[in-house]
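Input: a single structure, listed below in structure tokens.
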Amino acid sequence: MEKSKLFTIGFTKKNAEKFFNILKISGVRRIIDIRLNNVSQLAGFSKRDDLQYFLKTICEIDYIHKLELAPNENILDEYKRNKGNWKIYEKEFLKLMKQRKIEELITRELIDQSCLLCSEDKPDKCHRRLVAEYLNNKFGNIEIIHLL
């Protein structure tokens, strides 16, 4: 079996030109938005409807939102209250993915050539990395590529 490619990207600290160029040259076919709130105005191009339009028009990339791959409000609020206690966040989010059985909700075909999207500029302390690693542990044979 050929390795699946699963990309990740965050839009923070990127202007629209950089963000869409990175995606365009990467070979991504689909954005999987894994934000809890995908209608906030953190970046002018990142609101759900605008992003979906720009992705299709500029890059010919499909867009879907998978709320089951986002942290719940309790986990996110606790992380913010603790001023970024990553170890607690990571532990709670991994437990949530296991409870949700996300490997039964997501197929290998869906994630192949897809890109997990959230806001954090780097993947090290971001749930997109945790989702990608969790799916690789469940499915195996996934090359994870963090687009920066």
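Observations, loosely collected:
- Efficiency of FRET between Lys13 and Leu67 - r from beta-carbon atoms, R0 25 angstrom, step 0.05: 0.55
- Local charge for Ser46 was computed over the other residues whose Cβ lies under 11 Å away, with Lys and Arg +1 and Asp and Glu -1, and equals +1.
- Once the chain from Asn82 to Arg108 is taken as fully extended at 0.36 nm per residue, the excess over their C-alpha distance is 5.9 nm.
- Taken along the Cα-to-beta-carbon direction at a fixed 7 Å, the label points for Leu94 and Lys3 span 2.3 nm.
- R0 of 35 Å, Cβ-Cβ distance Asp49-Asn141: FRET efficiency to nearest 0.05: 0.50
- Reported label for calculated volume of the Cα convex hull per residue in Å³ given [x] 101; [y] 267; [z] 142: [x]
- The stretch 39-148: Lys pairs at Cα distance under 16 angstrom, eight or more positions apart or on different chains: 15
- Cβ charges +1 (Lys, Arg) and -1 (Asp, Glu), total dipole of the chain, debye: 340
The numbers here are math on the coordinates, done by the rules we state, and not lab data. Remember, predicted model here, so these are calculated numbers, not experimental data. Because the Cβ atoms are built from the backbone with ideal geometry, glycine has one as well, and the counts that use them run over all protein chains shown.
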